[in-house]
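Take a look at the structure below.
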Amino acid sequence: MKEIVSTKNAPAAIGPYSQANKVGNLVFTSGIIGVDPETGVAADGSVAQAERAFLSLSNLLEAAGSSMSKVIKTTVFIKNMDDFAAINEVYAKYFPAPYPSRSCVEVARLPKDLLIEIEAIAEV
């Protein structure tokens, strides 16, 4: 049975999708971007956007009854692969070892012309 998960502590969906879906003992998040959930204002730069996105992801997982330590897989979309090392440093602060599986890809464009987006699958 599918359960919709949402929180005001992560950016609201900007289209016809849910912030997350919980199915059984798994939660699947939509892409989370680096904007303040209250104001919708983007953080300045890739590191600040990564910090904001990972904090929002943590808040969404908590709303689903999960946590960053229970993340199995992430997909990180970045606007510029030159930001990879800096984003990795932020990533390592939010995800404890053993780290989740991850894909990281450079993309031409992200919603609101942001620099990073992350999605995750986690255990509940």
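The values are calculated or read from the model by the stated rules, or taken from the named source; none is laboratory data. Bear in mind the structure is a predicted one, so any value in this text is a computation, not a measurement. Positions of Cβ are backbone-derived with ideal geometry, glycine not excepted, and every protein chain shown enters the neighbour counts. Quick note on the areas: whole protein, heavy atoms, side chains included, nothing else; ligands and nucleic acids left out. Shrake-Rupley method; radii C 1.70, N 1.55, O 1.52, S 1.80 Å.
Per-structure values
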{"read-out": "³J(HN,Hα), Karplus 6.51/-1.76/1.60, whole Hz, each residue of segment 91-99, x for Gly, Pro", "value": "3, 5, 6, 9, 10, x, 6, x, 6"}
{"read-out": "Aspartates and glutamates with Cα under 18 Å of residue 93, excluding same-chain neighbours fewer than 8 positions away", "value": "51, 62, 83, 117, 119"}
{"read-out": "Listed residue pairs exceeding 23 Å between alpha carbons, taken from 8/70; 79/112; 8/79", "value": "8/79"}
{"read-out": "Sum of side-chain charges, residue 71 neighbourhood, beta-carbon under 13 Å (Lys, Arg +1; Asp, Glu -1)", "value": "0"}
{"read-out": "Total charge dipole magnitude, segment 4-70, about the Cα centre, Cβ charges on Lys, Arg, Asp, Glu only, Debye to nearest 20", "value": "280"}
{"read-out": "Residue among 96, 35, 53 farthest towards the positive dipole end of segment 1-104, charges placed on Cβ", "value": "96"}
{"read-out": "Separation in nanometres of the label points that stand 7 Å from Cα toward Cβ, at residue 25 and residue 82", "value": "4.5"}
{"read-out": "Where labels lie 7 Å past Cα in the beta-carbon direction, separation of residue 8 and residue 38 in nm", "value": "1.0"}
{"read-out": "Neighbourhood charge, 12 Å Cβ-Cβ cut-off, centred on residue 44 and excluding it, Lys, Arg +1 and Asp, Glu -1", "value": "-1"}
{"read-out": "P(r) weight above 18 Å for segment 37-114, C-alpha pairs, percent", "value": "41"}
{"read-out": "Two-site label geometry, residue 108 and residue 69: point separation in nm, points 7 Å out along Cα→Cβ", "value": "4.3"}
{"read-out": "Burial ranking of peptide ranges 70-76, 1-7, 118-124 (average Cβ count within 10 Å, highest at the top)", "value": "118-124, 70-76, 1-7"}
{"read-out": "Rg(Cα) / (2.2 N^0.38 Å) computed for segment 1-78, rounded to two decimals", "value": "1.05"}
{"read-out": "Average accessible surface area per residue within the chain, 1.4 Å rolling probe, Å²", "value": "53"}
{"read-out": "Net dipole in debye of the chain [+1 Lys, Arg Cβ; -1 Asp, Glu Cβ; about Cα centre; nearest 20]", "value": "380"}
